[in-house]
1. Hey, does the range 264-279 have a residue that's surrounded by 16 or more Cβ atoms within 10 Å (Cβ to Cβ), aliphatic (A, V, I, L, M), assigned to a helix (DSSP H, G or I) and at pLDDT 75 or above?
2. Considering only the range 94-151, state which residues are among the aromatic types (Phe, Trp, Tyr) and surrounded by 14 or more Cβ atoms within 10 Å (Cβ to Cβ).
3. Of all the residues that make up the range 457-479, how many are out of contact with any Asp or Glu (no Cβ under 8 Å at 6 or more places or on another chain) and either among the small types (Gly, Ala, Ser) or under 20 Å from THR569 (Cα atoms) (or both)?
4. Against the conditions (1) more than 46 Å from the chain's Cα centre (by Cα); (2) crowded, with 20+ Cβ neighbours inside 10 Å, where does VAL502 fall short? Just the number, please.
5. Can you give me the ranges of the strands (runs of 3 or more DSSP E) entirely in the range 432-494 with at least 3 residues that are out of contact with any Leu (no Cβ under 9 Å at 6 or more places or on another chain) and either at pLDDT below 90 or of a type in the set (Asp, Glu) (or both)?
6. Out of all the residues in the range 403-431, which are touching a strand residue (DSSP E or B) at 6+ places or on another chain (Cβ under 7 Å), hydrophobic (A, V, I, L, M, F, W, C) and within 14 Å of ILE382 (Cα to Cα)?
7. Have a look at GLN243, GLN162 and point out the one that is out of contact with any Lys or Arg (no Cβ under 9 Å at 6 or more places or on another chain), at pLDDT 70 or above and not aliphatic (A, V, I, L, M).
8. Can you confirm whether VAL482 is of a type in the set (A, V, I, L, M, F, W, C), closer than 12 Å to ALA570 by Cβ and in contact with a helix residue (DSSP H, G or I) (Cβ under 7 Å, 6 or more places away or on another chain)?
Amino acid sequence: MIVHRTPRLRACPLLLIAVAIALSPAARAAALDSPRAVVQAFMTAMSQATHDPADRAAWNQAVACLHPDTAAGDPESARDVAQALFHALNHVRTVELDKIPDAAAAQGEAWYTYFPVRTSADDQALVQSAGLRGERISIQRLPQEGWRFSRQTAAAAGAMSQKLDALQNADPAPGPPATTAAPRGIELLIPPRLRTAQALGVRLWQWAALGLLLFAAVVIDVFSKAITGRLLSRLLRGAPDDQRELVHRATRPVGLLIAAWLVFGGLHLLGLGGPAGVVLFAAVNVFLVLAGVLAGWRLLDVLAAYVLLQTQRTETKFDDVLVPLIRKGLKLLVLAVGLVYAAKAMSIDILPLLTGLGIGSLAFAFAAKDTIENFFGSIAVILDRPFEVGDWVVIGDVEGTVEELGFRSTRVRTFYNSQTTVPNATLVRATVDNYGRRKYRRWKTHLGLQYDTPPDLLVAFTEGVRELVRTHPYTRKDYYQVWLHQWSASSMDVLLYVFFEVPDWNTELRERERLFIDVVRLADQLGVQFAFPTQTVHLHRAEDGPDPVPAELPTSMTDRRSLIKGIRTAQQIIAGQPWRDHKPGPQTYGQVGPTPIDEAGNEILDPTAPTAQAPPANS
């Protein structure tokens with residue numbers, strides 16, 4: 001990994017080299033007989049020329065290390081080339097003379113490439129990041145003059161220096177600043193004793209400022225949690241208590257994230273350096289990433305709860321399935337981005353990891369075959385929409401209400417209150433029987449009447465039941481069957497075949513009970529007796545008895561009179577019932593505690609009616 005250092009820091013070892021070499025009087029007169037000698041003479045001369053720009057001898061020595069064509073030109077231009085080359089050498093790496101070939105090692109060679117080295121990963125990475133296109137630093141052996149920086153190096157020195165400068169300014173490496181210098185305006189406010197005293201490579205006033213920064217971060221954390229909690233509470237106004245709990249869980253990481261941003265910016269402002277600065281910056285970077293991932297995770301829960309709250313106002317249930325899937329996908333995206341930034345904060349190169357995943361993708365595909373199949377099964381369920389959240393379904397041996405559709409599986413709450421997980425891949429091939437999408441709910445039964453029921457009463461009873469079906473609030477009016485159907489061992493059976501147009505099973509049971517009670521009332525008013533399994537033993541007597549008296553034969557008006565009697569009796573039964581004026585709503589079970597009664601205390605109110613009013617006491 002390449003660590004970009006500023007020229008000031010890079011010049012420090014070079015100045016030491018320059019001072020050591022400058023102690024020798026023969027340094028400037030040394031023959032440029034090797035690449036090492038050229039770099040040594042050039043760096044020594046340029047270090048002296050940078051320290052004292054008026055030193056012409058140093059400038060001449062530096063220009064003499066360049067190609068003769070460059071040195072023979074305009075002196076000012078040659079100095080500019082030398083300064084640009086010196087700047088580029090400081091950027092690419094710290095000069096280590098012992099790694100550069102000397103006269104013995106360079107014997108028989110004509111070229112030496114100082115930068116970039118093909119076998120160096122750091123050099124190749126710097127070439128890619130700086131956008132170098134053919135620019136290089138090379139030293140050439142000339143027939144008469146010996147070794148010099150090549151003509152191509154001198155020509156490309158200016159462009160290389162500018163690109164390396166742009167790279168350092170545009171994309172600085174993560175971590176503490178290169179120096180511990182703080183802005184001059186801040187240092188002027190610091191007492192002289194604290195301005196110079198240090199501990200662990202950090203000045204004492206910076207430690208004090210760091211304490212104040214942490215205290216400010218705690219205060220910001222408290223205030224940001226309070227403000228965020230208010231804003232999110234307004235967002236989820238009217239939501240259930242379990243969803244409002246998401247607000248409390250989301251405010252904590254948001255406050256930590258804002259406080260971490262404050263500390264991160266304060267560390268850059270203070271200019272902390274040394275080992276303590278490195279540790280602090282690394283810790284804050286990692287904490288900032290973790291707080292950001294957790295805040296994004298929790299805020300997505302709050303946002304999904306708000307969207308679900310809005311979707312309850314729509315008639316379709318497709319959005320109830322789609323919103324949780326989108327929430328899970330965004331959570332995975334937040335987690336992936338957090339891993340990338342965490343790796344960057346800890347200076348971990350993720351390219352080898354991605355390469356390893358690419359190599360092992362085949363094995364991963366085989367291992368995750370079922371997961372991938374379930375994922376595409378969820379996509380197929382979303383597109384085909386065989387059911388929605390809340391539907392009563394039968395999938396193979398599983399029967400219950402759909403609670404949630406996930407990426408891998410669908411959760412069904414059975415009528416035993418257990419939760420069954422059905423893989424989505426199974427849904428692609430399975431037969432799904434969706435009871436929740438029934439428009440009508442069929443009910444079939446037999447009403448057993450005693451054998452001694454007169455025929456006229458049979459006609460009146462069946463027609464009265466039909467009138468009840470025609471007038472009840474939730475029965476299907478265009479198709480029903482009520483007829484004397486069969487003779488059983490102990491009863492005459494009347495077929496009751498009816499459909500209820502209700503939204504759920506609870507309402508169906510309530511309306512079925514309402515119809516059955518009215519049927520019992522009808523039978524009571526007509527004098528019809530329901531049969532139950534009995535066995536009558538008749539003893540035959542030898543003597544002759546009276547002959548049985550047959551019933552009167554029917555006339556043209558007999559059945560009509562019986563029909564009218566049944567209809568009128570049914571109408572009398574339902575005339576005073578409350579559902580005649582107001583159709584009752586769906587059955588609910590929201591009441592807790594005793595059932596309320598009206599002020600007169602003689603009638604029980606209907607707890608299931610959403611807008612029910614207490615009827616008058618004398619109604």
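1. So far as the range 264-279 goes, no, none of its residues is surrounded by 16 or more Cβ atoms within 10 Å (Cβ to Cβ), aliphatic (A, V, I, L, M), assigned to a helix (DSSP H, G or I) and at pLDDT 75 or above.
2. Pass one, the range 94-151, residues among the aromatic types (Phe, Trp, Tyr): 111-112, 114-115, 147, 149.
Passing the criteria: TYR112, TYR114, PHE115, TRP147, PHE149.
3. Pass one, the range 457-479, residues out of contact with any Asp or Glu (no Cβ under 8 Å at 6 or more places or on another chain): 457-458, 460-467, 469-471, 477-479.
This time we only want the ones that are either among the small types (Gly, Ala, Ser) or under 20 Å from THR569 (Cα atoms) (or both), so: 457-458, 460-467, 469-471, 477.
Matching residues across the range 457-479 total 14.
4. (1)
5. The strands (runs of 3 or more DSSP E) meeting that bar are 432-434.
6. LEU427
7. After ruling out the rest, the residue left standing is GLN162.
8. It is true that VAL482 is of a type in the set (A, V, I, L, M, F, W, C), closer than 12 Å to ALA570 by Cβ and in contact with a helix residue (DSSP H, G or I) (Cβ under 7 Å, 6 or more places away or on another chain).
The values are calculated or read from the model by the stated rules, or taken from the named source; none is laboratory data. The model shown is predicted, which means the values in this text are computed figures rather than measured ones. No Cβ is skipped: glycine too gets one built from the backbone with ideal geometry, and neighbour counts run over all protein chains shown.
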